[in-house]
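Working notes, beginning with the structure itself.
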Amino acid sequence: EAQVTQNPRYLITVTGKKLTVTCSQNMNHEYMSWYRQDPGLGLRQIYYSMNVEVTDKGDVPEGYKVSRKEKRNFPLILESPSPNQTSLYFCASSPGLAGGFSTDTQYFGPGTRLTVL
Amino acid sequence: KNQVEQSPQSLIILEGKNCTLQCNYTVSPFSNLRWYKQDTGRGPVSLTIMTFSENTKSNGRYTATLDADTKQSSLHITASQLSDSASYICVVSEYSSASKIIFGSGTRLSIRP
């Protein structure tokens, strides 16, 4: 089944404890992206990747890191989480560029609910 | 500043009734507009996409319209079902080579039996 998977689905942690949220897709998509979703706000893009070893900042990249060593994986790293990073996080992938000129459809993972105490 | 505004924020209707959700945007230059459905606890799923030249796009009981002149879109749901209970998100892409996507905050739709 074509899908985007994220782990963990739920995570409670404390301020300053490094964590990684994994994202994997099995559709051979070039483009992957991370978003956060907060109440009353639309999804906001954190980072995106056009291809292996190519990553770029989205609208809210502060406090986050990503890597794209393999096409299928795009982990999100919080080196020193803070309470304002408590949010619902979504990973997404698409065949090509999402947004801009492209009409490619993004496929979203199930989400990771992160709480930072 | 590019923005996407959706209304209403929430809506409750009876099963079998029709409803229309609204989306106004200021994104310029415009590339395309999507409607997504997001079930509780799940990621968004694309329903429709419309480019500048398209006025209407249907997907089963979902019909989206686009007026690029007034920068407005609507999503009409016909003969609602309990499974239509979800958030509906309007997403507009800016016409550029970058990954410019602006998400609305969504309309929370609840269908009552």
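The values are calculated or read from the model by the stated rules, or taken from the named source; none is laboratory data. Fair warning: this is a prediction, and the values are worked out from it, not measured in the lab. FYI the Cβ positions are ideal-geometry reconstructions off the backbone, even for glycines, and counts take in every protein chain you see. These area figures cover heavy atoms from the full protein model, side chains too; ligands, DNA and RNA do not enter into them. Shrake-Rupley method; radii C 1.70, N 1.55, O 1.52, S 1.80 Å.
If you take each beta carbon of peptide B:35-46 and count the beta carbons of other chains within 10 angstrom, what is the mean?
Per residue, the average neighbour count from other chains is 4.
Kindly point out, ordered by number, any Cys in the protein assembly as shown whose beta-carbon has no other cysteine beta-carbon under 4.7 Å away.
Singleton cysteines: B:C19.
Could you point to the residue in A:P83, A:V54, A:T105 farthest towards the positive end of chain A's charge dipole, with +1 and -1 charges on the Cβ of Lys/Arg and Asp/Glu respectively?
A:P83
Averaged over all directions, how much area does the convex hull of the C-alpha atoms of the protein assembly as shown cover when projected, in nm²?
12.4
Taking the solvent-accessible surface of protein heavy atoms with a 1.4 Å probe, what is the per residue accessible area of chain B in Å²?
That works out to 47 Å² for each residue.
Over 24 Å between Cα atoms: which of B:K17/B:K71; B:K57/B:K100; A:K71/B:K37; B:K1/B:K71; A:K65/B:K37 fall into that group?
On the way: B:K17/B:K71 27 Å; B:K57/B:K100 22 Å; A:K71/B:K37 27 Å; B:K1/B:K71 14 Å; A:K65/B:K37 28 Å.
Table pairs above 24 Å Cα-Cα are B:K17/B:K71; A:K71/B:K37; A:K65/B:K37.
If you take the accessible area of A alone plus B alone and subtract the pair, what total do you get in square angstrom, rounded to 100, with a 1.4 Å probe?
1700
Evaluate the charge dipole of the protein assembly as shown about its Cα centre and quote only its size in Debye, nearest 20, assuming +1 on the Cβ of each Lys and Arg and -1 on the Cβ of each Asp and Glu. Working shown, then result.
On the way: 23 positive and 18 negative charges, 110 e Å.
Once rounded to the nearest 20, the dipole reads 520 debye.
For A:R72, what accessible area in Å² do you get when you roll a 1.4 Å probe over the heavy atoms of the protein chains, rounding to the nearest 10?
Ignoring ligands and nucleic acids, A:R72 comes out at about 110 Å².
Just checking the output field for A:53-64: average partner chain Cβ neighbours within 10 Å of each residue's Cβ?
1
Considering Cα pairs under 8 angstrom that are at least six residues apart, work out the relative contact order of chain B and quote it in whole percent.
37
Please average, across the residues of A:106-116, the number of beta carbons from any other chain that are within 10 Å of each residue's own beta carbon, and give a whole number.
That works out to 3 on average.
Which value, in debye to the nearest 20, gives the size of the charge dipole of region A:29-117 about its Cα centre, when Lys and Arg are +1 and Asp and Glu are -1 at the Cβ?
Details: 9 positive and 9 negative charges, 39 e Å.
In debye, rounded to 20, region A:29-117 gives about 180.
Which trypsin sites (Lys or Arg not before Pro) from region B:1-70 combine a DSSP loop assignment with at most 15 other Cβ atoms within 10 Å?
B:K1, B:K17, B:R42, B:R61
Among A:L114, B:L47, what's the order by accessible area (1.4 angstrom probe), most exposed first?
B:L47, A:L114
Share of the protein assembly as shown's accessible area from carbon and sulfur, percent, 1.4 Å?
Answer for the protein assembly as shown is 50 percent, counting heavy atoms of protein chains only.
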